[in-house]
Amino acid sequence: MSDVVKIYIPLETTALSLGADEAAVAIFDQATDRGLEVEMIRNGSRGLSWLEPLVEVETAKGRVAYGPVTESDVKSLFEANFLEGGDHPLKQGLTEEIPYLKKQERLTFARVGLIDPLDLEDYRANGGLSGLEKALGMDQADIVREVTDSGLRGRGGAAFPAGIKWNTVLGAQADQKYIACNADEGDSGTFADRLLMEGDPFCLLEGMTIAGLAVGATKGYIYLRSEYPLCHEILNEALQVMRDAGYLGDDIQGSGKSFDVEVRKGAGAYICGEETSMLESLEGKKGLVRAKPPLPALEGLFGKPTVVNNVITLASVPWILSNGGKAYADFGMGRSRGTMTFQLAGNIRQGGLVEKAFGVTLRELMEDFGGGTLTGQPARTVQVGGPLGAYLPEQQFDLPMDYESFSAEGAMVGHGGIVVFDDSVDMAEQARFAFEFCAAESCGKCTPCRIGSVRGMETVEKILRGEHVDQNLQLVEDLCEVMEDGSLCAMGGMTPYPVKSAMKYFPEDFRSPRTQTE
């Protein structure tokens, strides 16, 4: 064993909530008491949430993982000689050989959990900055063409082709342009943006800078969810490191080109995940949805041409510039190119993040990675794409995860959140909740969303009480049609997705004997 052993313990929200700081202190204290020298590196999470806090030790054979490690486990780890990879009930083996990780295709998340998130040299040694350095020597149109060739589409939910959006902003004539990163990750069961920002913040900043160079923007904003205080702290530290190294600010690396980024915190409104509502909030106004046109790409932030992209979209750009758009497009299927960061949550045994090429099935994600339900009961349904996503029944678990396959079934991939429910779920209650959520989170600007959500919740409650069930089911169908066709944005327009899918695939829950009084 070398004199100093490197130990990696995540400085990440999930790990911290499960005692990572306490475990780190206990490890340091034990090492000091035993006269052992250790170097503690606070990395990001590998995305194996069910094993957090996941402690890794650097050995001659590679990094060996132990988890979940709590403060009370630390003494026994030292007694098992874990600093040399000794056997212990919590030993998971070589980190890179853990099946959950080994079966993934990590492009965007290649460094998350591997590096010190705020060490720029560690970032560079693992492929960071090569995309930006390449972009600094390219024409703007060539950068946009590389992104277009990659087939990258918006990872925030809308799945709009990034290259088309960038090209529109590039062609717009204006004295000022902006890059706006939507980091208001509010969908249920999603945490990919947070893991990326906490574990590899330079990747996001590099992607935003490349976007700025591509379209001629000199200023970027990250609209950060207020519930992510650790992200806020890490991003601001990362910004200063990038500025000090000459990769942000005026005259980036002597190129004569400028770009800088500012972090702005939201105030807890789900609707501000919608791009125009987010722009309103960034301008200091109430987060009300804007009517389109004009498109944000032409009249966005402060009325100027603006690229609005999600965290994962922008964080995918450095890999694309470094390795080429065609290399990225080699992953995936059909019009869904590259990889997607799927997040397993809800009633699942092995919750966490899985980066896979489009085309993997729901069943593979739930069973091969997730290990089935936590309760051991059969999975009855899965909601994909957040609270506005459809509920899919067991017979659709073999559906490939790509945009077109899901769209054909009246569903959406969205941000990649996958929330699993076992056979104890009441789908009529879930339909009621969809309307309730919309009523609580609507910005109130358009009538179909503001009023429709309240009337929808009231009508489903009547169904639950067994009042005129047939008539009220038809009324819900009609109401869903009005909300889909008449709402200003996806908040009201997609609330019918979970409602209609629950009614279509689980009709028995709306006619249960416990509710029928007709």
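Each residue in region 435-460 was checked for being open to solvent by 60 Å² or more (accessible area, probe 1.4 Å) and in a helix (DSSP H, G or I), and 7 pass. May I ask you to verify whether A80 is of a type in the set (G, A, S) and in contact with a His (Cβ under 6 Å, 6 or more places away or on another chain)? It is true that A80 is of a type in the set (G, A, S) and in contact with a His (Cβ under 6 Å, 6 or more places away or on another chain). Across region 441-460, the qualifying residues are those that are in contact with a Cys (Cβ under 9 Å, 6 or more places away or on another chain) and basic (K, R), and the one among them that is farthest from L473 (Cα to Cα) is K445. What do you reckon, is D116 without any contact (Cβ under 8 Å) to a residue 60 or more places away in the chain, farther than 17 Å from A327 by Cβ and out of contact with any Gly (no Cβ under 7 Å at 6 or more places or on another chain)? For D116, the condition - without any contact (Cβ under 8 Å) to a residue 60 or more places away in the chain, farther than 17 Å from A327 by Cβ and out of contact with any Gly (no Cβ under 7 Å at 6 or more places or on another chain) - is not met. In the set L353, L344, L321, only one residue is part of a helix (DSSP H, G or I) and surrounded by 23 or more Cβ atoms within 10 Å (Cβ to Cβ); that residue is L321. Cβ separations smaller than 7 Å between residues 6+ apart or across chains give the following pairs from region 178-206 residues that are closer than 22 Å to D244 by Cα and open to solvent by less than 10 Å² (accessible area, probe 1.4 Å) to residues that are aromatic (F, W, Y) and part of a helix (DSSP H, G or I): F202/Y123.
For A65, the criteria (1) touching a helix residue (DSSP H, G or I) at 6+ places or on another chain (Cβ under 7 Å); (2) assigned to a loop (DSSP other than H, G, I, E, B); (3) of a type in the set (A, V, I, L, M) hold in every case but one, which is (2).
Within region 404-434, the set of residues being surrounded by fewer than 19 Cβ atoms within 10 Å (Cβ to Cβ) and either in a helix (DSSP H, G or I) or out of contact with any Asp or Glu (no Cβ under 9 Å at 6 or more places or on another chain) (or both) comprises E404, S407, A408, E409, G410, D422, D423, S424, E429, F433. Here region 267-288 is the region considered, the condition is being part of a loop (DSSP other than H, G, I, E, B) and over 22 Å from the mean Cα position of the chain (by Cα), and the residue that is nearest to Y178 (Cα to Cα) is E283. Determine whether F28 is assigned to a helix (DSSP H, G or I) and either surrounded by fewer than 17 Cβ atoms within 10 Å (Cβ to Cβ) or of a type in the set (V, I, T) (or both). Against the criterion (assigned to a helix (DSSP H, G or I) and either surrounded by fewer than 17 Cβ atoms within 10 Å (Cβ to Cβ) or of a type in the set (V, I, T) (or both)), F28 qualifies.
Give the residue that is least open to solvent (accessible area, probe 1.4 Å), with candidates limited to residues of region 102-121 that are in a helix (DSSP H, G or I) and within 29 Å of N236 (Cα to Cα). By that ranking, first place goes to L120. Only residues that are out of contact with any Phe, Trp or Tyr (no Cβ under 7 Å at 6 or more places or on another chain) and closer than 23 Å to H232 by Cβ were counted across region 23-45, and they come to 4. Taken over region 388-402, the residue count meeting the criterion of being surrounded by 19 or more Cβ atoms within 10 Å (Cβ to Cβ), out of contact with any Gly (no Cβ under 8 Å at 6 or more places or on another chain) and not hydrophobic (A, V, I, L, M, F, W, C) is 2. Filtering region 461-487 to residues that are open to solvent by less than 10 Å² (accessible area, probe 1.4 Å), in a helix (DSSP H, G or I) and either in contact (Cβ under 8 Å) with a residue 40 or more places away in the chain or out of contact with any Cys (no Cβ under 8 Å at 6 or more places or on another chain) (or both) leaves I463, V469, V476, C480. When the residues of region 50-62 are filtered to those that are open to solvent by 30 Å² or more (accessible area, probe 1.4 Å) and not in a strand (DSSP E or B), the one that is nearest to F191 (Cα to Cα) is W50. For V147, indicate whether it is within 30 Å of E364 (Cα to Cα), in a helix (DSSP H, G or I) and among the hydrophobic types (A, V, I, L, M, F, W, C). Answer is yes for this residue. Of the residues L298, L248, the single one that is among the aliphatic types (A, V, I, L, M), closer than 25 Å to G163 by Cβ and without any contact (Cβ under 8 Å) to a residue 60 or more places away in the chain is L248. Taken over region 85-101, residues that are outside any loop (DSSP other than H, G, I, E, B), in contact (Cβ under 8 Å) with a residue 40 or more places away in the chain and open to solvent by less than 30 Å² (accessible area, probe 1.4 Å) amount to 3.
The values are calculated or read from the model by the stated rules, or taken from the named source; none is laboratory data. Remember, it's a predicted structure, so these values are computed and weren't measured experimentally. Counting neighbours? That spans all protein chains shown, and the Cβs are built from the backbone with ideal geometry, glycine included. Side chains are part of the model used for accessible areas, which takes the heavy atoms of the whole protein and leaves out ligands, DNA and RNA. Shrake-Rupley method; radii C 1.70, N 1.55, O 1.52, S 1.80 Å.
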